[in-house]
Amino acid sequence: MIEYYKKPSIWPGVKRVLLDMKDNIFWMVRNGKKVFFWHDHWISESTLADQVPGNDTNNIVTVDQVLHDGEWTIPDNLKIMFQNMGIVFDLVLTDTTAEDECFWKPDSRGRFTTKPAFNEVRHKLPKVWWYSLVWKIPLMPKYSNFGWRLMHNALPTDSELQYRGITTVTCCHFCKKGPKTISHVFWHCEWATAIRDWGIQLFTLNGGITNF
Ligand SMILES: [Zn+2]
């Protein structure tokens with residue numbers, strides 16, 4: 001029996017990306033069956049829900065619900081409100097025999113490709129000063145990747161696994177005295193200290209490397 005609930009760590013991130021993705025998609029309405037009336041971008045740059053907050057609680061879900069045989073059947077109260085806002089539904093060229101099409105706004109031709117899409121939705125943080133030490137030197141990608149994950153506390157150490165809800169006993173394999181955390185294994189363990197001192201002597205790193 002499940003006795004506790006642990007908040008998923010991935011889903012909030014997926015939801016954020018989905019929202020960002022949605023903001024970059026523009027729909028060309030044809031039969032209106034796939035397009036959400038209030039929450040998709042289809043008649044103007046922003047969604048209708050963003051333009052008239054609080055009105056999306058009525059029964060209209062998809063565009064085809066207010067489109068019959070090519071004629072718009074917007075309820076009168078909404079029609080007047082949209083007219084006053086300058087939103088003209090008759091300018092949307094519909095076609096009940098065709099499927100709605102969506103376009104990726106950042107691309108001039110509306111084509112969706114994963115690389116620019118990823119760059120569009122990812123949240124860039126300022127570059128850290130040690131960026132070039134990890135990525136700009138002739139190093140095998142797997143070592144650059146390891147260094148990057150190390151500096152971001154993203155290695156699957158016991159403590160990280162415990163933090164993510166996986167039960168495990170944590171003990172440093174080298175000294176058997178401390179926990180298997182990144183700070184212990186790479187900085188505070190006597191083995192790490194010995195290897196680091198040896199490396200500093202070997203490569204004559206005068207400033208040391210403890211100020212990371
Ligand atoms: Zn240790």
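Throughout, read-outs are computed from the coordinates displayed, never taken from laboratory work. A quick note: this is a predicted structure, and the numbers were derived from the prediction, not measured.
Helix 76-85 and the longest principal axis of the Cα set of the chain meet at an angle near 70°. How far, in degrees from 0 to 90, does helix 141-151 lean away from the longest principal axis of the Cα atoms of the chain, to the nearest 10? The two axes meet at around 90 degrees. Extents of the range 96-195, taken as max minus min of Cα coordinates on every principal axis and listed largest first, are 71, 36, 23 Å.
Computed over the alpha-carbon pairs of the chain, the distance histogram in 10 Å steps reads 6, 20, 21, 15, 14, 13, 7, 3, 0 percent, short to long. Overall, the ratio between the Cα radius of gyration of the range 25-104 and 2.2 N^0.38 Å, rounded to two decimals, is 1.00.
Cross-link partners of residue 15 among lysines, defined as those whose alpha carbon lies under 30 angstrom from its own and excluding same-chain residues fewer than eight positions apart: 6, 7, 33, 34, 105, 115, 124, 127, 142.
Restricting to DSSP H runs of at least four residues, report the calculated mean residue ellipticity at 222 nm for the chain, -39500 (n - 2.57) per run over all residues, nearest 500 deg cm²/dmol.
Values: 8 runs with 71 residues, N = 212.
The helix contribution divided over the chain gives -9500 deg cm²/dmol.
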